[in-house]
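Following: one structure in structure tokens, then a few remarks.
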Amino acid sequence: MRAMFVALLVCLSMAASAAEITFSSAQRATILSHGPWPPRIVADPSNRVSGNGAAIALGKRLFSDPRLSSTGTVSCAGCHDEAKDFTDGRRLAHGLMPLARNTPTVWNVRFNRWFGWAGAVDTLWGASVRPILAADEMAATGAHAVALLLGDGELTNLFVSAFGRQPGATFSNETGGDDTLVAVGKALAAYQETLVTRRTPFDDFRDALARDSDNGDGAAMKRYPAAALRGLKIFVGQGRCSVCHLGPLFTNGEFDDAGISYFTGPGKVDKGRYGGIGLFRLSPFTRHGKYSDRPDDAMARLTQGVALRHRDWGAFRVPSLRNVALTGPYMHNGSLATLRDVVRHYSEIDVERLHTDGSAILRPLHLSPEEIDDLLAFLASLSDRTSR
Ligand code: HEC
Ligand code: HEC
């Protein structure tokens with residue numbers, strides 16, 4: 001390892017303590033790898049209405065329409081509420097029945113490789129069909145979706161503009177109306193693809209650092225709060241957070257064990273990624289499946305070949321940290337109410353509770369109260385607003 005610990009000096013003249021924070025060249029490279037933002041936007045090859053205006057308009061309407069559920073009472077937006085950064089603010093989700101998982105945000109969801117906490121689906125449209133059919137969420141059917149679309153002239157028109165055919169026109173016994181349902185999922189996906197968070201204070205700092213390979217753009221860098229900078233140092237340094245929360249999305253897009261219990265009740269477990277791969281193998285709504293508009297692309301081959309490993313048991317998707325300060329409660333089971341609880345969890349993590357065959361990256365950091373505040377200031381700098 002090249003230990004070049006003075007590759008970068010950031011002098012904070014404003015800070016009374018004259019804080020001088022240094023990063024190694026490896027840490028500097030890690031910081032730069034958390035950008036640039038926004039990433040390049042590419043259409044989803046598995047969804048032929050990705051980026052289509054009529055599909056986006058149809059998806060936006062359906063997203064907040066409770067008529068899509070069998071009872072007419074549950075909408076996507078009921079759980080993914082825009083006013084709450086597309087979450088519900090609850091510990092655990094509640095549709096037609098209570099669920100055992102926390103509702104993730106759908107901000108930046110277009111950049112996912114896997115969807116849901118366990119990655120049971122590898123398409124955004126499949127992840128959008130799933131809650132429509134799920135008995136505990138919306139409990140509807142393909143036939144129900146066809147009836148809704150045909151019964152509302154504006155929805156019919158948008159559907160025809162987007163897909164060039166009438167809803168239900170290709171209804172088949174084999175799929176029980178699934179192809180219209182898949183089209184609904186693809187329209188919902190086209191809408192959700194528009195939900196990309198804006199730039200943050202961290203992004204401005206990161207770009208200033210990138211502008212000058214030796215010293216960075218000093219004036220622009222000084223606008224980044226000193227506490228956030230100290231927190232960043234922990235994030236890419238001793239905290240090793242960037243090992244899993246990497247890249248512009250602050251996630252490797254994969255699954256790991258962060259020491260959160262996978263018991264959902266006495267004797268009941270959430271198998272996490274292990275169960276997710278099992279469901280994925282049975283799902284018809286995959287990139288390589290018959291409803292995909294490009295079943296043979298490289299990403300489809302990659303996800304199709306996923307292997308089931310013992311360490312996937314109780315592993316959950318590494319969440320993105322963009323806008324994370326706005327989307328509590330946290331973790332797959334909503335068990336940590338605030339970001340301070342999350343940071344304390346990592347600081348005092350019980351390694352006995354981590355899988356023995358896991359990645360062995362996490363260890364207790366024993367952060368001081370000041371360091372906890374610094375890490376929180378850094379996480380807050382990943383938001384595109386300071387409050388809702
Ligand atoms: C009852 C609350 C609820 C409703 C209603 C609901 N969702 Fe979700 N959503 C969730 C939960 C919980 C998850 C995590 C599921 C999992 O881990 O398998 C999720 C996951 C997702 C994901 C994957 C996000 C990610 O980061 O991987 C997408 C996309 C999504 N929902 C879209 C929708 C759409 C579109 C609708 C309406 C058709 C909808 N949801 C309805 C609660 C809900
Ligand atoms: C070994 C990989 C790994 C490392 C290292 C790691 N995390 Fe995580 N992180 C995860 C996983 C996996 C989850 C989701 C766990 C779950 O829900 O059971 C998570 C969840 C989170 C969440 C909650 C996000 C949400 O929307 O619920 C935050 C915040 C977070 N991590 C911050 C950090 C910080 C800060 C560090 C460094 C101190 C860190 N992580 C280190 C894997 C990791």
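Computed from the coordinates by the stated procedures, all read-outs in this text should not be read as laboratory data. All figures in this text were calculated on a predicted structure; none of them were measured in a lab. In this analysis, Cβ positions are derived from the backbone assuming ideal geometry, glycine residues included, and neighbour counts consider all displayed protein chains.
How much length is gained if the chain between Glu20 and Thr73 is pulled fully straight, taking 0.36 nm per residue apart and subtracting their Cα-Cα distance, in nm to one decimal?
Additional length available on full extension: 13.5 nm.
Helix 369-380 versus the longest principal axis of the chain: what angle, 0 to 90°, nearest 10, using Cα atoms?
For helix 369-380, the angle is close to 40 degrees.
Please report the net charge: other residues with Cβ closer than 13 Å to the Cβ of Gly237, K and R +1, D and E -1.
Charge balance in the 13 Å sphere: +2.
Taking Cα atoms of the stretch 53-192, Rg/Rh with Kirkwood Rh, to two decimals?
The Rg/Rh ratio comes out at 0.95.
Given R₀ = 25 Å, FRET efficiency for Arg353-Arg90 by Cβ-Cβ distance, to 0.05?
So the FRET efficiency works out to roughly 0.50.
Evaluate E = 1/(1 + (r/R0)^6) for Thr194 and Ala83, where r is the Cβ-Cβ distance and R0 equals 22 Å; express this FRET efficiency to the nearest 0.05.
0.85
Under a straight-distance cross-link criterion of Cα-Cα below 24 Å, which lysines are reachable from Lys60, leaving out those fewer than 8 residues away in the same chain?
Lys84, Lys186
Which angle between 0 and 90 degrees, to the nearest 10, do you get for helix 226-236 versus the longest principal axis of the chain when only C-alpha atoms count?
70 degrees
For helix 178-192, report the angle its Cα long axis makes with the longest principal axis of the Cα atoms of the chain; keep it between 0 and 90° and round to the nearest 10°.
Roughly 30 degrees, rounded to the nearest 10.
State to the nearest 20 debye the size of the charge dipole of the stretch 53-192 about its Cα centre, where the only charges are +1 on K and R beta carbons and -1 on D and E beta carbons.
Its charge dipole is roughly 280 debye.
What are the ³J(HN,Hα) couplings of the stretch 57-68, residue after residue, when phi is run through the Karplus curve with 6.51, -1.76, 1.60 and θ = phi - 60°? Round to Hz, x for glycine and proline.
5, 5, x, 4, 5, 5, 4, 10, 9, x, 5, 5
Ignoring everything except DSSP H segments at least 4 long, calculate the 222 nm mean residue ellipticity for the chain; use -39,500 (n - 2.57) per segment, divide by total residues, nearest 500.
-10000 deg cm²/dmol, from helical runs alone.
If amide hydrogens are placed 1.01 Å from N in the peptide plane, which non-local residues have theirs closer than 5 Å to the one on Ile21?
Counting only residues 5 or more places away or on other chains, the set is Val10, Leu12.
Grab the Cα-Cα distance for Ala307 and Ala29, subtract it from 0.36 nm times how many residues apart they are, and report the gain in nm with one decimal.
Computed gain between Ala307 and Ala29 is 97.0 nm.
Give the separation of the Cα centroids, the stretch 26-51 to the stretch 90-126, in Å.
20 Å
How about Lys233: which aspartates and glutamates have a C-alpha closer than 15 Å to its C-alpha, ignoring those fewer than 8 places off in the same chain?
Leaving aside aspartates and glutamates fewer than 8 places away in the same chain, those within reach of Lys233 are Glu20, Glu370, Glu371, Asp373, Asp374.
Once you list every other residue whose beta carbon is under 12 Å from the beta carbon of Ala187, what net charge do they have if Lys and Arg are +1 and Asp and Glu are -1?
Spelling it out: positives minus negatives among the neighbours equals +2.
Using the charge dipole of the chain (Lys, Arg: +1 at Cβ; Asp, Glu: -1 at Cβ; taken about the Cα centre), state which of Leu321, Ile132, Ile361 has its Cα farthest towards the positive end.
Ile361
Please compute, over every Cα-Cα pair in the chain, the percentage with a separation greater than 30 angstrom.
Summing the P(r) tail past 30 Å for the chain gives 44 percent.
Per residue, what volume in Å³ does the convex hull of the Cα atoms of the stretch 100-169 enclose?
120 Å³
For the chain, modelled as a GNM with alpha-carbon contacts under 10 angstrom, which of Leu148, Leu302, Leu92 fluctuates the most?
Top of the fluctuation ranking is Leu302.
Note down the net charge around Leu92, summing +1 for each Lys or Arg and -1 for each Asp or Glu among other residues with Cβ under 13 Å from its Cβ.
Local net charge: -1.
Can you give the FRET efficiency to the nearest 0.05 for Val269 and Ser161, using r as the Cβ-Cβ distance and R₀ = 45 Å?
Approximately 0.45, to the nearest 0.05.
Quick one: among Val343, Val269, Val49, which has the greatest mean-square fluctuation in a GNM of the chain with alpha-carbon springs under 10 angstrom?
Val269
Can you pull the one-decimal nm distance between simple spin-label points at Asp296 and Ser261, each 7 Å off the Cα toward Cβ?
Each label point is offset 7 Å from its Cα along the Cβ direction, giving 5.1 nm.
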